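The values are calculated or read from the model by the stated rules, or taken from the named source; none is laboratory data. None of the values given here were measured: they were computed from a predicted structure. Using ideal geometry, Cβ is built from the backbone for each residue, glycine included, and neighbour counts are taken over all protein chains shown. What goes into the accessible areas is simple: the full protein's heavy atoms, side chains included, and nothing from ligands, DNA or RNA. Shrake-Rupley method; radii C 1.70, N 1.55, O 1.52, S 1.80 Å.
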Amino acid sequence: MTTAETEASIYERFEATALPLHDSIYRANLRLTGDPVAAQDLTQETYLRAFRSFASFQAGTNCRAWMLQIAHNVFCRDYRGRRRITYRTANEDDVDVLAQFRADVLSPEEEALRQLDREALQRALAKLPEPYRVAVTLVELQGLSCEEAAAVMGTPKGTVLSRLYRARVRLRRLLLSEFGRARTLVRPSP
């Protein structure tokens, strides 16, 4: 093969494998950065670095995990190091865990309660320390396995499991305290 053919085949493989993941990578970057413009920049830099090293990507492996690892590394080295970006929680689309259990038609009351639940979860996620929030984002919201999340974060699997456990304990405590306060404010009707 000539160099041009190799480059063309790499480009075709990249286009078929990595480009369809753009929205997922952008959403993960948006959760890390908290700023849509910074997330776009981070996504662009992620894709640039991924394209430059795509020849080393092994076909058949998890491209999304590979791309998220690149994004995480770029974020850690370039953005967080300069403290240019603030942290942000997951957006409404990503945190809508309750949507998995929706009936075909929700009553307005059910929809209002679910919106309150989503907002409470977003607030609780915002209060988590960054390592816990990253672990929850990768495993619970992005659907990576603990092994894949460990590779992305550059930590052992046990560290990811520990962070997930601690994050869940904190989330449970934060949500219980918030819902407990909300219940005391509602007076029973006569």
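With the structure loaded, tell me whether ARG123 is in contact with a Ser or Thr (Cβ under 8 Å, 6 or more places away or on another chain) and modelled with pLDDT of 80 or more or whether it fails that test.
Values: in contact with a Ser or Thr (Cβ under 8 Å, 6 or more places away or on another chain): yes; modelled with pLDDT of 80 or more: yes.
When the stated conditions are applied, ARG123 passes them.
Report every pair of residues separated by at least 6 positions or lying on different chains whose Cβ atoms are under 6 Å apart, first residue within segment 140-163 and under 20 Å from PHE75 (Cα atoms), second hydrophobic (A, V, I, L, M, F, W, C) and not in a helix (DSSP H, G or I).
As it stands, the answer is LEU141/ALA90, since those pairs meet every condition given.
Pull up segment 5-47, narrow it to residues that are among the aliphatic types (A, V, I, L, M) and open to solvent by 70 Å² or more (accessible area, probe 1.4 Å), then point me to the one that is farthest from the chain's Cα centre (by Cα).
Of the residues in segment 5-47, the ones among the aliphatic types (A, V, I, L, M) are 8, 10, 16, 18-19, 21, 25, 28, 30, 32, 37-39, 42.
Subsequent filtering for residues that are open to solvent by 70 Å² or more (accessible area, probe 1.4 Å) retains 16, 19, 37.
Details: ALA16: 22, LEU19: 18, VAL37: 17 Å.
The extreme case among them is ALA16.
Is there a residue being open to solvent by 60 Å² or more (accessible area, probe 1.4 Å), under 19 Å from ALA39 (Cβ atoms), modelled with pLDDT under 85 and part of a helix (DSSP H, G or I) anywhere in segment 93-114?
Yes, segment 93-114 has at least one match.
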